[in-house]
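Please read the structure below before turning to the comments.
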Amino acid sequence: MIELQNISIEFRTKDQVIRAVDQASLHIGTGEVFGIVGASGAGKSSLLRTINLLERPSAGRVRLDGRDITDLKGAALRRERQKTGLIFQHFNLMHTRTVFDNVAFALRVAGKQAAEIAAHVPEILDLVGLSDKVQVYPSQLSGGQKQRVGIARAIANHPAVLLCDEPTSALDLETSGAILELLKEINRRLGITIVLISHEMSVIKTICDRVAVMDQGRIVEQGDVYDIFARPEHPFTRQLVDRTFNLDLPERLTANLQGTLLKILFLGERAEHPLLSEAALRFGISVNILHGKIEYINNRAIGLLVALLGELQECSTHAAHITEPLTGRIAAAVDFIRQGSARVEVLHA
Amino acid sequence: MPSEWASLTADLVHAFGETFLMVGISGFFAIVGGLPLGFLLFIAERRLFWDNKAAYATGSVTVNIIRSIPFVILLVLLLPFTQFVLGTTIGPAAATVPLSVAAIAFYARLVEAALCEVDPGIIEAAQAFGASPLRIVATVLFPEALAGFLRALTVTLISLIGYSAMAGIVGGGGVGDLAIRFGYYRYQTDVLIVTVIALVILVQLVQTLGDRLAKHADKKGV
Ligand SMILES: Nc1ncnc2c1ncn2[C@@H]1O[C@H](COP(=O)(O)OP(=O)(O)OP(=O)(O)O)[C@@H](O)[C@H]1O
Ligand SMILES: [Mg+2]
């Protein structure tokens with residue numbers, strides 16, 4: 001569907017050349033919701049804007065449905081752009097036009113007749129849940145409602161692709177969730193391929209099937225959202241994922257730790273296996289869970305636990321076979337847990 | 001002395017008629033010439049659909065030169081041109097030539113400034129939907145900047161009223177001419193005061209009307 005091949009984008013300012021995107025390649029399938037995540041200035045917007053050639057790459061090719069559109073100009077380029085919708089962080093609605101006319105604009109551009117526009121616009125506004133705001137000006141709408149108009153305008157022409165540049169960054173958490181829900185529904189009901197930029201993994205997690213991680217103009221990692229969360233490879237991705245899970249321990253706990261502190265990752269149905277209690281019994285140690293979280297991504301579970309392994313209290317050392325020193329037993333327990341889980345990280349020994 | 005007042009009133013009406021004529025015609029040229037020139041400057045500067053540094057530099061420098069010449073001097077400088085266009089340099093019609101030149105340059109800059117106020121994101125959205133340059137100019141830039149255009153026109157017209165009075169000094173007729181003849185040469189201070197009052201009222205009217213129209217065009221504040 002969308003193929004970006006070795007895209008580089010350079011901006012020339014007076015005294016330097018900024019390489020905003022460096023040799024980025026992506027392949028996005030029909031009907032997918034594809035995320036691009038990265039820090040501010042990573043080049044996400046620049047890369048996204050090459051898909052409808054609002055930004056022309058300095059090098060590389062852009063293909064849509066197998067057709068190379070990189071060199072399109074003038075009327076041919078405009079016709080191509082009518083097949084992609086774009087929504088913005090700051091909505092970019094025309095202030096002097098009503099909601100109806102903002103949406104109608106996209107249809108007039110595509111050469112639709114007035115009668116068709118009059119019939120179609122209310123349908124779309126109904127789809128995005130704004131049927132009561134048809135004749136209202138944007139200044140009278142809330143942020144979430146403005147973004148709904150932006151979405152209505154972008155999908156009015158039945159585009160094959162919807163590009164979203166941080167569509168929820170200007171909205172509060174709840175409104176943001178509703179907008180993502182709407183995008184997901186549009187993807188499902190209308191089969192529109194969505195490419196979505198965000199700097200938050202939580203947004204990507206909610207809506208995307210696959211994701212590309214960008215750092216300083218390069219795509220450092222891409223794949224299934226679940227896999228990226230489960231096994232982040234690049235340090236930058238790890239940092240992003242860690243921030244999402246937010247498993248920081250309070251200093252009070254980390255100040256004088258007695259024992260071995262583990263971060264344990266469980267994937268899929270393993271998350272439900274009573275691994276830790278078994279380890280405690282078998283090796284005669286105490287397992288103290290300090291922090292934990294289970295995330296469901298595309299209906300699959302990722303569990304993260306932070307647990308402290310240590311010496312058992314006196315009264316319960318009934319197991320006669322425990323003669324080994326504590327360090328040996330803990331090492332064996334760590335091995336045992338390692339086999340039963342996806343990944344074990346020793347945070348403190 | 002009722003007859004003197006009657007003749008003064010007749011003079012005033014005649015003078016204001018001439019002023020209206022000068023301001024009206026040069027105001028018309030400000031719109032017809034300044035609006036497209038302002039769009040041109042804006043588009044060339046932002047490299048919107050047309051990347052032409054030379055055109056921007058030429059337009060911009062020309063406008064700056066005209067704007068930096070004091071109007072009285074521009075009036076004199078353009079005398080040969082006025083003579084060439086109209087065959088005379090005397091009278092309100094002749095004064096409209098330098099007035100129009102000044103008005104076009106003045107209004108073009110203000111139009112450009114008003115266009116710069118339009119959120120670039122809105123233009124980008126229109127481009128993203130595949131709108132043609134002509135459509136963007138006519139159905140996005142124009143309505144979004146209309147309130148600004150009207151405010152700019154108000155400022156321009158008021159400046160033109162002032163300029164047209166200066167044109168009176170070199171025989172252009174109008175209110176300025178009246179003030180010079182009666183107030184300066186004959187020391188009739190009362191005529192001068194009446195003229196000033198009439199001018200204040202005129203400027204006030206133009207400003208109020210301009211504000212009304214601009215507010216109507218500006219839906220942002222609804
Ligand atoms: N028109 C431009 N001229 C010069 N430099 C630019 C231009 N547009 C972007 N850049 C630079 O390119 C780099 C990437 O910008 P881009 O907007 O693509 O980042 P981003 O990942 O979208 O960031 P953000 O999350 O802040 O939107 C930045 O360093 C930016 O300063
Ligand atoms: Mg961006």
_Identity of the residue in the stretch B:35-88, touching a residue at least 24 places away in the same chain (Cβ under 8 Å) and in a loop (DSSP other than H, G, I, E, B), that ends up least open to solvent (accessible area, probe 1.4 Å)_ = B:Leu48
*Only residues that are open to solvent by 10 Å² or more (accessible area, probe 1.4 Å), within 13 Å of another protein chain (Cβ to nearest Cβ) and of a type outside the set (A, V, I, L, M): list them for the stretch A:47-64, please.*
A:Arg49, A:Glu55, A:Arg56
*Tell me, please, whether a residue that is within 16 Å of ligand 2 (Cβ to nearest atom) and out of contact with any Asp or Glu (no Cβ under 6 Å at 6 or more places or on another chain) can be found in the stretch A:57-67.*
no
*Condition test on A:Ile87, is it within 11 Å of ligand 1 (Cβ to nearest atom), touching a helix residue (DSSP H, G or I) at 6+ places or on another chain (Cβ under 9 Å) and either modelled with pLDDT of 95 or more or at positive phi (or both)?*
no
*Tell me which of these A:Ile228 doesn't satisfy, since it passes every other one: (1) buried (at least 20 other Cβ atoms within 10 Å of the Cβ); (2) within 14 Å of another protein chain (Cβ to nearest Cβ); (3) among the hydrophobic types (A, V, I, L, M, F, W, C); (4) not in a strand (DSSP E or B).*
(2)
*asked:* Can you find, within the stretch A:12-26, the residue that is most open to solvent (accessible area, probe 1.4 Å) among those that are more than 10 Å from ligand 1 (Cβ to nearest atom) and either among the charged types (D, E, K, R) or more than 12 Å from A:Ile219 (Cα to Cα) (or both)?
replied: A:Lys14
*Somewhere in the stretch A:201-213, is a residue more than 14 Å from chain B (Cβ to nearest Cβ), part of a loop (DSSP other than H, G, I, E, B) and over 21 Å from A:Gln82 (Cβ atoms)?*
yes
_Against the condition within 16 Å of ligand 1 (Cβ to nearest atom) and part of a loop (DSSP other than H, G, I, E, B), how does A:Ser40 come out, does it pass?_
yes
*Conditions: (1) under 21 Å from B:Asp119 (Cα atoms); (2) acidic (Asp, Glu); (3) away from chain A (no Cβ under 14 Å). B:Asp218 meets all but one. Number of the miss?*
(3)
_Against the definition (within 16 Å of ligand 1 (Cβ to nearest atom) and either of a type outside the set (Val, Ile, Thr) or assigned by TED's automatic domain parsing to the domain that holds A:Ile186 (or both)), how does A:Arg63 come out, yes or no?_
no
*Residue that is farthest from the other protein chains (Cβ to nearest Cβ), among those in the stretch A:148-175 that are within 16 Å of the chain's Cα centre (by Cα) and away from ligand 1 (no atom under 16 Å from the Cβ)*: A:Leu173
*Single condition A:Val37 does not satisfy, out of (1) in contact with a His (Cβ under 9 Å, 6 or more places away or on another chain); (2) within 11 Å of chain B (Cβ to nearest Cβ)*: (2)
*Before we move on, is A:Val213 in contact (Cβ under 8 Å) with a residue 60 or more places away in the chain and surrounded by 18 or more Cβ atoms within 10 Å (Cβ to Cβ)?*
yes
_Exclusive hit being modelled with pLDDT under 95, over 26 Å from the mean Cα position of the chain (by Cα), open to solvent by 30 Å² or more (accessible area, probe 1.4 Å) and within 14 Å of chain B (Cβ to nearest Cβ), set A:Arg67, A:Arg78_ = A:Arg78
*asked:* Going residue by residue through the stretch B:105-120, is there one that turns out to be within 14 Å of chain A (Cβ to nearest Cβ), more than 26 Å from B:Val203 (Cβ to Cβ), out of contact with any Gly (no Cβ under 9 Å at 6 or more places or on another chain) and open to solvent by 40 Å² or more (accessible area, probe 1.4 Å)?
replied: yes
*Assuming A:Leu249 fulfils every condition listed in (1) open to solvent by 70 Å² or more (accessible area, probe 1.4 Å); (2) at pLDDT below 85 apart from one, which condition is it?*
(1)
*Test each condition in (1) within 14 Å of chain A (Cβ to nearest Cβ); (2) open to solvent by 40 Å² or more (accessible area, probe 1.4 Å) for B:Leu192 and report the one that comes out false.*
(1)
*Pairs, first outside the structural domain of A:Cys208 (by TED's automatic domain parsing) and more than 17 Å from A:Val103 (Cα to Cα) in the stretch A:152-167, second of a type outside the set (Asp, Glu) and away from ligand 2 (no atom under 12 Å from the Cβ), C-beta under 8 Å, six or more apart*: none
*For the stretch A:41-63, what are the residues that are among the basic types (Lys, Arg) and farther than 13 Å from A:Asp165 by Cβ?*
A:Arg56, A:Arg61, A:Arg63
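The values are calculated or read from the model by the stated rules, or taken from the named source; none is laboratory data. Owing to the predicted nature of the structure, the values given are computational and were not obtained by experimental measurement. All Cβ positions, even for glycine, are placed from backbone atoms using ideal geometry, and neighbour counts span all protein chains on display. The protein model used for the area step is the full one, side chains on, heavy atoms only, and it has no ligands, DNA or RNA in it. Shrake-Rupley method; radii C 1.70, N 1.55, O 1.52, S 1.80 Å.
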